[in-house]
1. Just give me the residues in the range 90-119 being among the acidic types (Asp, Glu) and part of a loop (DSSP other than H, G, I, E, B), in sequence order.
2. Among the candidates 80, 67, single out the residue that is hydroxyl-bearing (Ser, Thr, Tyr) and more than 22 Å from residue 22 (Cβ to Cβ).
3. Failed condition for residue 123, given (1) within 24 Å of residue 191 (Cβ to Cβ); (2) in contact with a Phe, Trp or Tyr (Cβ under 7 Å, 6 or more places away or on another chain), with all others met?
4. Condition first: under 21 Å from residue 118 (Cβ atoms) and either among the aromatic types (Phe, Trp, Tyr) or over 14 Å from the mean Cα position of the chain (by Cα) (or both). Can you find one or more residues in the range 25-35 that meet it?
5. Please specify each residue of the range 58-80 satisfying the condition of being in a helix (DSSP H, G or I) and without any contact (Cβ under 8 Å) to a residue 60 or more places away in the chain.
6. Among the residues of the range 120-149, which ones are of a type in the set (Ser, Thr, Tyr) and closer than 19 Å to residue 22 by Cβ?
7. Does residue 112 meet the test of being touching a Pro at 6+ places or on another chain (Cβ under 9 Å), within 30 Å of residue 188 (Cβ to Cβ), surrounded by fewer than 17 Cβ atoms within 10 Å (Cβ to Cβ) and not aromatic (Phe, Trp, Tyr)?
Amino acid sequence: MHPNPVFHDADAARNLAFARDRGFGVLAMNAPDGPLISHVPFVLSDDGASVALHLVRSNPIARLLASPQPVRLAVSGGDSYVSPDWYEVPDQVPTWNYVAVHLTGMLELRPQDELRALLDLQSAHFEDRLQPKAPWTTDKMDATALERMMRQIVPCRITVTGVDGTWKLSQNKPDDVRLRAAGGVEAFGVGSDLAVLAALMRGAGSGD
C-alpha cells in the first residue's frame, strides 16, 4: 500500500465492493524458501468476512496448509503512467496512478466435500454477468469427468482480518490539474482499464 494517507480515502465498504466486483487477485504467503504467489479467482462474501477460492492440489501454497496460514490477497484494477506534461504546471515528476485493495487474513483448507458447492458459487458469481446467456453449471458436465477434475483441486477459505486500499487518482493535485491528467490518461495512457481509471480520477476531487 502507498504510504501517503491521502490515497487511502476509501472506506472499508468501498474497498470491499471493489474487491468483490473484481473477483481476481494475487494470493501471497510466506514460505521457508521465500514468498509464494498464486493468481486466483475468488468470491468475497456479502459481509466481507471471508473469501472462497480453490487451488490446484499441487500448488505449493496448498501443500503448506496443514494448518491455517497468514496470507494477503492483492486485488488491482485500472492503472496508468501519468506524464508530468499532462498537468500543465511546472516542476512535476512522472508517476503511476492505480487502484489496489489488499485483504489480509488466515487461509485454510476446507473439507473436500465442500468443493462442488464452492465451484457452483464461483461459476454463478461470474456467469450471472454474462446475461442473456444461460449460465454454465457443473450439472452440464459428465459426472465422472467432473469427479476426476475435482480430485485435482482443493477448496480454501480466507477469514479476513484486515482491509486496506490505495486509490491513487491524483487527488493530491488541484482539481483543474487532476482533470487534465485524467484526460491524458484516457487519451494516451499506458496501462489497463484506462477509461475506468480516468473516470475515477475525474471523481476524485476534494468535494466528491
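What follows is calculated from the coordinates using simple rules that are stated; it is not laboratory data. What you are looking at is a predicted structure, and each value in this text was computed from that prediction instead of being measured. Quick reminder, even Gly has a Cβ in these numbers, built from the backbone with ideal geometry, and neighbours come from all protein chains shown.
1. 91, the sole residue that qualifies.
2. One residue alone meets the criteria, 67.
3. The number of the failed condition is (1).
4. yes
5. Those that are in a helix (DSSP H, G or I) and without any contact (Cβ under 8 Å) to a residue 60 or more places away in the chain: 60, 61, 63.
6. Answer for the range 120-149, where residues must be of a type in the set (Ser, Thr, Tyr) and closer than 19 Å to residue 22 by Cβ: just 123.
7. No.
So that you can scan it fast, the table gives a plain yes or no per residue for (1) closer than 20 Å to residue 200 by Cβ; (2) surrounded by fewer than 18 Cβ atoms within 10 Å (Cβ to Cβ):
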{"site": "4", "(1), (2)": "yes, yes"}
{"site": "15", "(1), (2)": "yes, no"}
{"site": "21", "(1), (2)": "yes, yes"}
{"site": "24", "(1), (2)": "yes, yes"}
{"site": "31", "(1), (2)": "no, yes"}
{"site": "37", "(1), (2)": "no, yes"}
{"site": "45", "(1), (2)": "no, yes"}
{"site": "49", "(1), (2)": "no, yes"}
